[in-house]
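The values are calculated or read from the model by the stated rules, or taken from the named source; none is laboratory data. From a predicted model like this one, the values you see are computed outputs, not experimental measurements. Virtual Cβ from ideal backbone geometry, glycine too; neighbours counted across all protein chains shown.
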Amino acid sequence: MNGEPQHPARDIGVAGSFDSSFDSGSADDGSLDSLSFEALFDHAPFGYLITDTDDVIVRANETFSAWTGFGADDLVGRHFRDLLPPGSQLLYETRHLPVLRLRGSVDEVFLEVRTAGGPVLPVLVNAVVEDGEVRIGVLAAANRLSYEQQLLATQRTAESLAARITVLQDASSAFATGGSEEAIAHSLSAILEETLVASDACVALVSRSGALDVIAGSNPLDGLIRGDHQLLGLNVVKFEEPVVVHATDDYLDSYPWVVRAMREARLQTVAVFPMMSDARPIGVTAAFFRRERTLAESETEVVLAVARQASQVLTRLRAQEQLAYAALHDQLTGLANRESIRHSIALALEARSPVLASERAVSVMFLDLDGFKTVNDRLGHHVGDAILQQVAARLRNAVRVGDIVGRYGGDEFVVVCEAGGEAAETVAARIRDEVRAGFDEARGFPISASIGIAVCSTECEATTDSVIGAADAAMYESKRLGRDRTTVVVL
């Protein structure tokens with residue numbers, strides 16, 4: 001065998017067929033003399049090899065030599081499989097050769113070919129068996145591979161974006177139906193646990209005292225970290241950035257108590273994310289993993305986006321609750337306001353039962369502060385406001401559980417008791433003792449309470465206005481009789 005292909009102008013297995021009539025010796029008009037089929041073979045835009053049936057290379061074109069850096073002398077006489085790295089050799093011997101022997105041809109098998117310089121060359125290989133030879137066409141696939149990788153990356157990005165949109169849509173739906181802080185927090189905790197495939201998740205909100213109170217989900221570290229200053233969540237609130245801690249020695253210096261607690265709870269990773277509203281933190285949400293877990297940037301972005309949604313809903317709920325509270329409560333003292341008191345009296349009157357007359361009687365107490373106007377005029381409204389706030393607190397301490405206390409206006413207060421006159425008088429006596437005890441801000445200025453009580457049995461047909469009017473009149477009678485006393489009227 002002299003290394004020359006027996007049929008250099010036949011099908012080369014890649015770019016179609018050359019008609020065998022185009023033999024270089026068949027030209028009779030001289031027009032084909034300039035067209036060298038040898039040149040076409042050597043300089044084709046693809047690699048071309050011919051092997052015998054034992055996989056030994058008998059010829060290779062110059063294109064393949066240029067791609068690989070091996071000269072013709074380096075290629076001829078070698079097995080084609082020897083040009084392949086181990087992974088491609090395995091694929092070549094288990095897939096390519098068996099199919100070639102069975103079918104006589106193989107199309108587009110992806111392989112890698114060694115080069116003289118070291119790097120491998122990704123290629124697509126077509127092969128056909130003809131006249132006792134194996135003709136192999138080799139297409140460089142680096143650009144195609146890069147293109148496919150770009151397509152795959154784009155596809156993964158699209159899938160990730162679609163998954164993120166789905167999570168955000170599900171979160172929006174869940175938050176839209178939540179009517180309380182607890183419901184929103186439970187939805188957020190469940191979404192976080194499912195999205196990150198966490199073993200546990202929880203949501204903790206910042207209380208008025210600045211502590212973090214878990215209101216949804218479960219915290220496996222609860223009770224394992226002894227000091228508030230060691231809590232990971234408070235660091236997240238302080239710096240407003242997510243924190244991921246692993247139970248490895250690398251994190252012992254930064255989070256010693258957290259890492260020890262994680263090991264005790266058999267956790268490998270903890271991730272805590274801030275919940276922001278109007279650029280300020282209102283809480284955190286945390287995910288716990290019993291395996292080593294690294295969070296991708298896209299996962300962190302999704303969690304922060306969902307947490308932001310939840311924070312906005314929670315802020316709106318709190319605003320609504322504050323508005324509802326303000327509509328029914330006195331701004332200075334926090335007691336029920338005039339409108340709320342009237343509503344409570346109306347409900348109490350409706351609830352009276354003839355069967356339980358002795359227990360369901362309603363007593364409305366109207367009290368006015370004696371000597372308060374002098375304090376207000378001489379010491380100023382700021383002192384007067386402080387005293388009104390203290391009176392409100394003392395009234396709460398003096399009444400029974402279930403009694404309703406409100407500020408009717410100025411220095412006038414109302415107490416609604418579902419009880420008869422005797423029980424109401426006992427409450428009134430405690431109130432007068434509380435008020436008479438004096439106030440540090442108004443030393444030398446005695447303050448007391450004149451009280452009027454209107455008692456409504458189950459038989460009376462009193463209205464809210466008539467009951468308040470009767471209690472108010474009784475209060476003025478107490479003032480007329482010398483102040484700091486209680487007058488009772490039965491309707």
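The table below gives the values:
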| item | result |
| --- | --- |
| Any hit, the range 380-389, residues being more than 22 Å from Glu339 (Cα to Cα) and in contact (Cβ under 8 Å) with a residue 60 or more places away in the chain | yes |
| Residue selected from the range 313-337 under the condition of a type outside the set (A, V, I, L, M) and crowded, with 17+ Cβ neighbours inside 10 Å, by the criterion nearest to the chain's Cα centre (by Cα) | His329 |
| Hey, Ala429 in a loop (DSSP other than H, G, I, E, B) and of a type outside the set (Lys, Arg) or not | no |
| Helices (runs of 4 or more DSSP H) enclosed by the range 91-210 - at least 1 residues per element that are modelled with pLDDT of 90 or more and over 28 Å from the mean Cα position of the chain (by Cα) | 97-103 |
| For Arg400: the one exception among (1) in a loop (DSSP other than H, G, I, E, B); (2) touching a residue at least 60 places away in the same chain (Cβ under 8 Å) | (2) |
| Of residues in the range 302-323 being in contact with a Phe, Trp or Tyr (Cβ under 8 Å, 6 or more places away or on another chain) and aliphatic (A, V, I, L, M), the one nearest to Ser187 (Cα to Cα) | Ala310 |
| Residue match in the range 260-279 (condition: crowded, with 18+ Cβ neighbours inside 10 Å, small (Gly, Ala, Ser), part of a helix (DSSP H, G or I) and under 13 Å from the mean Cα position of the chain (by Cα)) | no |
| Close pairs from the range 229-253: first assigned by TED's automatic domain parsing to the domain that holds Ala211 and small (Gly, Ala, Ser), partner buried (at least 16 other Cβ atoms within 10 Å of the Cβ) and part of a helix (DSSP H, G or I), Cβ under 8 Å, at least 6 apart | Ala247/Val259; Ala247/Met262 |
| The listed residue being assigned to a helix (DSSP H, G or I), among the hydroxyl-bearing types (Ser, Thr, Tyr) and without any contact (Cβ under 8 Å) to a residue 12 or more places away in the chain, out of Ser65, Ser88 | Ser65 |
| Subset tally (residues that are outside any helix (DSSP H, G or I) and either surrounded by 13 or more Cβ atoms within 10 Å (Cβ to Cβ) or among the hydroxyl-bearing types (Ser, Thr, Tyr) (or both)) for the range 248-259 | 4 |
| Filter pass, Phe372 being more than 47 Å from the chain's Cα centre (by Cα), within 16 Å of Val455 (Cα to Cα) and surrounded by 14 or more Cβ atoms within 10 Å (Cβ to Cβ) | no |
| For Glu459: the one exception among (1) out of contact with any Ser or Thr (no Cβ under 9 Å at 6 or more places or on another chain); (2) over 23 Å from Ala336 (Cα atoms); (3) surrounded by 15 or more Cβ atoms within 10 Å (Cβ to Cβ) | (3) |
| Index of the failed condition, Arg378 passing every other in (1) of a type outside the set (Ser, Thr, Tyr); (2) outside any strand (DSSP E or B); (3) within 49 Å of the chain's Cα centre (by Cα); (4) closer than 20 Å to Phe445 by Cβ | (3) |
| Filter result (touching a residue at least 12 places away in the same chain (Cβ under 8 Å) and outside any helix (DSSP H, G or I)) within the range 295-329 | Leu295 |
| Any chance Gln389 is within 30 Å of Arg280 (Cβ to Cβ), assigned by TED's automatic domain parsing to the domain that holds Asp484 and either surrounded by 13 or more Cβ atoms within 10 Å (Cβ to Cβ) or not hydroxyl-bearing (Ser, Thr, Tyr) (or both) | yes |
| Hits in the range 280-293 - residues which are more than 14 Å from Ser218 (Cβ to Cβ), surrounded by fewer than 18 Cβ atoms within 10 Å (Cβ to Cβ), touching a Ser or Thr at 6+ places or on another chain (Cβ under 9 Å) and basic (Lys, Arg) | Arg291 |
